[in-house]
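Since the structure comes first, as structure tokens, the remarks are kept for the end.
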Amino acid sequence: KDAGDYICDSGDEQTMASLVVKALPVIFTQPLQNQQAEEGSTITLSCEISKPNATVQWKKAGTVLRSSDKYKMRQAGSVAELTIRNLSAADA
């Protein structure tokens with residue numbers, strides 16, 4: 001949002017410059033960890049990203065997961081969490 005044209009104006013003259021801001025990539029500062037859980041239980045997976053509130057998507061086997069009774073997604077600042085309820089063998 002800081003990109004754009006900036007002008008310095010003295011009243012008699014002015015000079016202008018354009019500012020281009022290259023966004024840094026979002027990286028994982030704390031990756032997901034492997035976990036084990038019993039069938040029927042609930043588990044929460046979490047990771048941390050370098051840019052607070054950057055958009056993340058949760059996927060399983062390439063399919064984007066959507067919030068439902070089974071899956072709950074939450075993001076607070078740089079921490080993203082996925083809670084999976086009522087685990088079954090298909091969730092592995």
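The values are calculated or read from the model by the stated rules, or taken from the named source; none is laboratory data. As the structure is a computational prediction, the values presented were derived from the model and not from experiment. Note that we place each Cβ from the backbone using ideal geometry, even for glycine, and neighbour counts take in every protein chain shown. Please note that ligands, DNA and RNA were not included when accessible areas were found on the heavy atoms of the full protein model with its side chains. Shrake-Rupley method; radii C 1.70, N 1.55, O 1.52, S 1.80 Å.
How many residues are hydrophobic (A, V, I, L, M, F, W, C) and free of Cβ contacts under 8 Å to residues at least 24 places away in the same chain when one looks only at the stretch 23-35? Lay out the reasoning, then the answer.
Our first condition is that a residue be hydrophobic (A, V, I, L, M, F, W, C); within the stretch 23-35, this holds for 23-24, 26-28, 32.
Next, from what is left, pick out any that are free of Cβ contacts under 8 Å to residues at least 24 places away in the same chain: 23, 27-28, 32.
Result for the stretch 23-35: 4.
Out of the residues in the stretch 60-92 that are farther than 16 Å from residue 43 by Cα, open to solvent by less than 90 Å² (accessible area, probe 1.4 Å) and not in a strand (DSSP E or B), state the one that is modelled with the highest pLDDT.
Looking at residues that are farther than 16 Å from residue 43 by Cα, open to solvent by less than 90 Å² (accessible area, probe 1.4 Å) and not in a strand (DSSP E or B), I get 78.
If you go through the stretch 2-47, how many residues are of a type in the set (Gly, Ala, Ser), open to solvent by 70 Å² or more (accessible area, probe 1.4 Å) and outside any loop (DSSP other than H, G, I, E, B)? Please lay out each step first, then the result.
Narrowing the stretch 2-47 to residues of a type in the set (Gly, Ala, Ser): 3-4, 10-11, 17-18, 23, 37, 40-41, 46.
Imposing the further condition that a residue be open to solvent by 70 Å² or more (accessible area, probe 1.4 Å) reduces the set to 10, 18, 23.
Among the residues that remain, those that are also outside any loop (DSSP other than H, G, I, E, B) are: 18.
Qualifying residue count, the stretch 2-47: 1.
Of everything in the stretch 36-59, what is closer than 30 Å to residue 24 by Cα and without any contact (Cβ under 8 Å) to a residue 24 or more places away in the chain? Give them in sequence order. Working first, answer last.
The initial filter retains those residues of the stretch 36-59 that are closer than 30 Å to residue 24 by Cα, namely 44-59.
55, 57, 59 - these are the residues of the stretch 36-59 that are closer than 30 Å to residue 24 by Cα and without any contact (Cβ under 8 Å) to a residue 24 or more places away in the chain.
Scan the stretch 64-77 residue by residue and report those that are of a type outside the set (D, E, K, R) and within 20 Å of residue 31 (Cβ to Cβ).
Taking the stretch 64-77 first, the residues of a type outside the set (D, E, K, R) are 64-65, 67-68, 71, 73, 75-77.
Once the filter is applied, which keeps residues that are of a type outside the set (D, E, K, R) and within 20 Å of residue 31 (Cβ to Cβ), the stretch 64-77 yields 64, 65, 71, 73, 75, 76, 77.
Of the conditions (1) open to solvent by 100 Å² or more (accessible area, probe 1.4 Å); (2) at pLDDT 95 or above, residue 55 fails just one. Which one is it?
Evaluating residue 55 over (1) open to solvent by 100 Å² or more (accessible area, probe 1.4 Å); (2) at pLDDT 95 or above leaves (2) as the failure.
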